[in-house]
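For reference, the structure is listed below as structure tokens.
The values are calculated or read from the model by the stated rules, or taken from the named source; none is laboratory data. Remember, predicted model here, so these are calculated numbers, not experimental data. Note that each Cβ is placed from the backbone with ideal geometry, even for glycine, and that neighbours are counted across all protein chains shown. The protein model used for the area step is the full one, side chains on, heavy atoms only, and it has no ligands, DNA or RNA in it. Shrake-Rupley method; radii C 1.70, N 1.55, O 1.52, S 1.80 Å.
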Amino acid sequence: MPQTPLFGSAPGAEVARAHEVLGLAVQADRSGLDLFSVSDHPYHGVRLDAYATLGVVLGATSRIAGLANVSNLPSRPAPVLARTLTSLSALSGGRIVLGAGAGGFWDDITRLGRARLGPAAAVRAFEEALTLIRALSGGGEPVTFEGEHYRVTDLEPADVPTPPIWTGSLGPKSLAVTGRLADGWIPGHASDWLSERFREGRPLIDAAALAAGRSPADVVTVHNLPGRITARPLDRVRDEDGRWIGGSVAQWTEELTGAVLEHGAAGFIHFNTDDTPLPVALGRWAEEIAPAVREAVAGH
């Protein structure tokens, strides 16, 4: 029987909208959503810092989990990020998920003063970072790690469970790291269950998981899903390239139920794409679509 899917919202996190962002997080929490997602682009001054935002959101809510979608690891040294995560987990009762990526915007990352890494080196640094974050949580003996990109000596792990780790892996080597070390995958560029990226990437994760002695089921797939939620049905719900456009509550419900039952989707994070006021779109997503999909999935 499929697990109940997770539902999240990503309303944006611009500095000029700080109060609105916090209000939407509280609305999402009260409406029964599972995740509140913010992007992590610290080189943009118009954006709120992802982890500062999540800290305030978690303090203002009681149920919803926070997710940086995805953390820009090259700009957030893994040992310090591990402390941030375990602290947020302890303060919130475990309501934090690590979204992690190897770094996709190197021209911007270098403006922060970080050294540019080639694709292969970035994946090696990504794997070391995930390894360290796991080692520095969950308690245990002091950690000494001598890697290519990270070196730590006698660091005491936090006695806090490791948060779930979801990656935004794209290439084959990065996907293999996801299979070995992660708990979830967010297919890049908002690719859904019918996309070529999902069809080609998911088998690589599964193979790496099996080779590491894990079950592929240990790595769930959660989709970033842009789209508009309309008052009336649309004539078509996908564009000429096959990308999801959106539709009415009933059209969303049918599509997402199929994604769970037929393609193994474990969750969805909605990005609104039209001019519907965000509180209205969030209400339709949280109070109409999410309950309908959960009910339909539970009935199978």
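Taking the three principal axes of the alpha carbon atoms in the chain, the coordinate ranges are 59, 43, 37 Å, sorted in descending order. Across q = 0.12, 0.17 Å⁻¹, the range 229-300 modelled as identical point scatterers on its alpha-carbon atoms has Debye log10 I(q)/I(0) values of -0.31, -0.63, in the order of the q list. Ignoring solvent entirely, what values of log10 I(q)/I(0) come out of the Debye formula for the range 96-243 at 0.13 Å⁻¹ when each Cα is a single scatterer? Values, matching the q order: -0.69.
Working with all protein chains in place, sort Val237, Val15 by solvent-accessible area computed with a 1.4 Å probe, largest first.
The most accessible residue leads, giving Val15, Val237.
For the range 95-103, the Karplus equation 6.51 cos²θ - 1.76 cosθ + 1.60, evaluated at θ = phi - 60°, returns couplings of 8, 9, 10, 8, x, 9, x, 6, x Hz by residue, with Gly and Pro reported as x. Dipole size of the range 144-204 about its Cα centre, with +1 on Lys/Arg Cβ and -1 on Asp/Glu Cβ: approximately 380 debye, rounded to the nearest 20. Express in % the proportion of alpha carbon pairs of the range 189-237 at distances exceeding 18 Å. For the range 189-237, the fraction of Cα-Cα distances above 18 Å is 48 percent. Stokes-Einstein diffusion for the range 107-160 at 20 °C, viscosity 1.002 mPa s, with a Kirkwood radius from C-alpha pairs, works out to 173 µm²/s. Treating the range 118-191 as a set of equal point scatterers at the Cα positions, no solvent, please give the Debye-formula log₁₀ I(q)/I(0) at q = 0.19 Å⁻¹. Here the Debye-derived log intensity ratios amount to -0.82. Across all Cα pairs in the range 73-139, the calculated P(r) in 10 Å bins from zero up to the longest distance comes to 20, 47, 26, 7 percent per bin. Exposure check, 1.4 Å probe, all protein chains in place: Asp239 carries approximately 50 Å² of accessible surface. About its Cα centre, the dipole of the range 1-122 is roughly 220 debye, where the only charges are +1 on Lys and Arg Cβ and -1 on Asp and Glu Cβ.
Seen from a random direction on average, the alpha-carbon convex hull of the range 195-277 projects onto 6.2 square nanometres.
A cut-off under 12 angstrom between Cβ atoms defines the neighbours of Pro2, and their net charge, with Lys, Arg +1 and Asp, Glu -1, is 0.
Counting only Cα atoms, the range 25-106 measures 38, 26, 17 Å along its principal axes, largest extent leading.
The distance separating the Cα centre of the range 84-136 from that of the range 198-256 comes to 24 Å. 3J(HN,Hα) couplings calculated from phi for the range 81-93 with the Karplus curve 6.51 cos²θ - 1.76 cosθ + 1.60 (θ = phi - 60°) are, in sequence order, 4, 4, 5, 4, 5, 5, 5, 4, 5, 5, 6, 9, x Hz; Gly and Pro show x. Given +1 at the Cβ of Lys and Arg, -1 at the Cβ of Asp and Glu and no other charges, the dipole of the chain around its Cα centre is 280 debye to the nearest 20. Backbone amide hydrogens, once placed in the peptide plane, bring Val70 within less than 5 Å of Asp40, excluding anything fewer than 5 places away on its chain.
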